Structures are given as structure tokens and as C-alpha cells.
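What follows is a short report on a single structure.
The values are calculated or read from the model by the stated rules, or taken from the named source; none is laboratory data. Not measured: the values here are computed from a predicted model. Note: ideal-geometry Cβ built from the backbone for every residue, glycine included; neighbour counts use all protein chains shown.
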Amino acid sequence: YMGLMDPEGGDGYERQSNPELAGNLEGKLLLSYGTLDDNVHPNNTLRLIQELQRHNKDFDLIVLPNRNHGHAADPYAIRRGWDFFVEHLLGADPPEEYELAGPPGA
């Protein structure tokens, strides 16, 4: 897959590497990382953070202990994501410690 991204047959992965592109960041960024992620090694996340800091880019980081790569349904991650959007897209203060409820009748 990654080789298909470069018609010259070069290293498509490096061309799409987040640390390599960190200096191009515009706007706000929320990173979330699960400590049990078997898809993204901790060093990859730390390398991205290092490059963001080297380029003086602002970002928010959420570390989720004992969560894997697919933590999008984690209630805390959802709330923090919503808070991020409310703050940065709506320009409003998110409600404090909002708790998610299950679907009606659950």
C-alpha cells in the first residue's frame, strides 16, 4: 500500500510520516494514545511529540492507560474529544466533567 503512494517507487511511508510533517501543522491538534496500543509503538508517539515541540507547535495529549489502538469508544476519550471541539470550534467552555449516558433503554 505505502509504495503505491509514490509513483517514483520511493518510500511512501516516510512521505506520509506524521513526525516528518509535524512542522506543517496549522490549527489545533488533539492526540490520544492508548498505552496498550499494539499498532503504534510508544516511540512513534514520542517521536511525533518531539517534532511538534521542536517546531513549537501547540497540541493536547491524552494518555489512556490500559487502552489499545481502538479506544475511540472510551467514554473519557469521547468526552475529551467533544470538549476539544466545543472549545476550539465553538469557542465555548465545555461543561465540566460531563458524563456520557448509555442509549435510552439500555
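Brief remarks on what is shown
- For residue 75, the conditions (1) at pLDDT below 90; (2) surrounded by 15 or more Cβ atoms within 10 Å (Cβ to Cβ) all hold with the exception of (2).
- The listed residue being touching a helix residue (DSSP H, G or I) at 6+ places or on another chain (Cβ under 9 Å) and at pLDDT below 90, out of 99, 51: 99
- Residue 77 of a type in the set (A, V, I, L, M) and within 25 Å of residue 22 (Cα to Cα): yes
- Residue identified as under 22 Å from residue 87 (Cβ atoms), out of contact with any Gly (no Cβ under 9 Å at 6 or more places or on another chain), surrounded by 14 or more Cβ atoms within 10 Å (Cβ to Cβ) and at pLDDT 95 or above among 25, 61, 29: 29
- Inter-residue pairs, beta-carbon under 6 Å, first closer than 19 Å to residue 59 by Cβ and in region 85-98, second assigned to a loop (DSSP other than H, G, I, E, B) and hydrophobic (A, V, I, L, M, F, W, C), 6+ apart: 86/92
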